[in-house]
Amino acid sequence: AVHDAGGQVYVDGANLNSLVGLAQPGKFGADVSHLNLHKTFCIPHGGGGPGVGPVAVREHLREFMPNHPLVAEAGPSNGPGPISAAPWGSAGILPISWTYIQLMGSEGLTFATKIAILSANYIAKRLEGHYDLLYAAPNGLVAHECILDTRPFKATGIEVEDIAKRIIDYGFHPPTVSFPVPGTLMVEPTESESKEELDRFVDALIMIREEIREVETGAVSRDDNVLVRAPHTLEQVIADGWNRPYSREKAAFPVPAVRARKVWPSVSRVDSAYGDRNLVCTCPPVEDYA
């Protein structure tokens, strides 16, 4: 995203997944550029944080960069002070990226970028007619990720979180939810995903779309269905009682391939805000170990 703030051009998250070997951020004309190094160089998200992703500025903004009272070379002498305890972020992660770059070489890195872009566009094309796509170029293509709009399903009571939770039952970790747009799924395949895995993921999303259609047509309950009750834990599925309007098989094994790849979630639904603020443990109470 490119923003013009009072004459300053700011490139927000120039994601290197779609740039390495194909473009030069330094020539974009930005005053500030956050180069997000996650995934592309085998490290977590972060600009100056866990991913040590650099935030680059032009010379006229140099004096506003953070500095550090104990490390003179960490920034300009008149800077505003540190923004984190470590002046250079999590430097211990850097050997991972360095090793990856050395092993891949320039040709390998460029090829990985092309694969990331190709994979995202393959997913987007296969999902045409099932989900609406946001932010595609005039030619219908996307970069290294595709954003699926799930807001049209709100009328049936199905939220983006229901889709994210349900895909766990298909054996996948859910994609990014509600970023950069609320009510959307941001799908960003890694460069190492095989076509078989991409197809398995797309097939799961298509089947979930059909489950949503069952709600739309009234074939299943709006308030009690596999989507709003997902994900389904092992404890729930093997319990003696089963009082849901759909079968255990449909809940836990929507496709045969899941049987060989299943990773059972430890809990089903936890209120998202509560879960972010509180430790939710499924371990037995300490008294049981006495």
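The values are calculated or read from the model by the stated rules, or taken from the named source; none is laboratory data. Here the structure is a predicted model, which is why all the values come from computation and not from measurement. In this analysis, Cβ positions are derived from the backbone assuming ideal geometry, glycine residues included, and neighbour counts consider all displayed protein chains. With ligands, DNA and RNA removed, areas are computed over all heavy atoms of the protein, side chains included. Shrake-Rupley method; radii C 1.70, N 1.55, O 1.52, S 1.80 Å.
Checking each residue in the range 150-201 for being within 22 Å of VAL258 (Cβ to Cβ), small (Gly, Ala, Ser) and either in a helix (DSSP H, G or I) or without any contact (Cβ under 8 Å) to a residue 12 or more places away in the chain (or both) picks out ALA164, SER192, SER194. For the condition at pLDDT 90 or above, within 17 Å of THR150 (Cβ to Cβ) and out of contact with any His (no Cβ under 8 Å at 6 or more places or on another chain), ALA239 does not qualify. Applying the criterion of being open to solvent by 50 Å² or more (accessible area, probe 1.4 Å) and either part of a loop (DSSP other than H, G, I, E, B) or modelled with pLDDT of 85 or more (or both) to the residues of the range 47-56, the residue that is farthest from ASP31 (Cα to Cα) is PRO50. Does the range 278-288 contain at least one residue that is closer than 28 Å to LYS125 by Cβ and either open to solvent by less than 50 Å² (accessible area, probe 1.4 Å) or out of contact with any Phe, Trp or Tyr (no Cβ under 8 Å at 6 or more places or on another chain) (or both)? Checked against the condition, which is being closer than 28 Å to LYS125 by Cβ and either open to solvent by less than 50 Å² (accessible area, probe 1.4 Å) or out of contact with any Phe, Trp or Tyr (no Cβ under 8 Å at 6 or more places or on another chain) (or both), the range 278-288 yields no hits at all. Determine if the range 31-41 includes at least one residue that is among the basic types (Lys, Arg), modelled with pLDDT of 70 or more and out of contact with any helix residue (DSSP H, G or I) (no Cβ under 7 Å at 6 or more places or on another chain). No, the range 31-41 contains no residue that is among the basic types (Lys, Arg), modelled with pLDDT of 70 or more and out of contact with any helix residue (DSSP H, G or I) (no Cβ under 7 Å at 6 or more places or on another chain). It is to be established whether one or more residues within the range 86-105 are closer than 29 Å to ILE147 by Cα, modelled with pLDDT of 90 or more and open to solvent by 50 Å² or more (accessible area, probe 1.4 Å). Taking every residue of the range 86-105 in turn, at least one turns out to be closer than 29 Å to ILE147 by Cα, modelled with pLDDT of 90 or more and open to solvent by 50 Å² or more (accessible area, probe 1.4 Å). Every listed requirement among (1) touching a helix residue (DSSP H, G or I) at 6+ places or on another chain (Cβ under 7 Å); (2) over 22 Å from THR233 (Cα atoms); (3) crowded, with 17+ Cβ neighbours inside 10 Å is met by ARG166 save one, (2).
Only a single criterion out of (1) of a type in the set (S, T, N, Q); (2) open to solvent by 50 Å² or more (accessible area, probe 1.4 Å); (3) within 22 Å of THR282 (Cβ to Cβ) is not satisfied by THR233, namely (2).
Of everything listed in (1) touching a Leu at 6+ places or on another chain (Cβ under 9 Å); (2) in a loop (DSSP other than H, G, I, E, B), the single unmet condition for ILE208 is (2).
Selection of the range 191-219 for residues being in contact with a Ser or Thr (Cβ under 9 Å, 6 or more places away or on another chain), farther than 18 Å from LEU127 by Cα and either of a type outside the set (A, V, I, L, M, F, W, C) or open to solvent by less than 10 Å² (accessible area, probe 1.4 Å) (or both) yields GLU191, GLU216. Here LEU22 clears all of (1) open to solvent by 40 Å² or more (accessible area, probe 1.4 Å); (2) at pLDDT 85 or above; (3) assigned to a helix (DSSP H, G or I) except the condition numbered (3). Looking across the range 125-149, the residues that are in contact (Cβ under 8 Å) with a residue 24 or more places away in the chain and either part of a helix (DSSP H, G or I) or open to solvent by 40 Å² or more (accessible area, probe 1.4 Å) (or both) come down to ARG126, HIS130, ALA143, GLU145.
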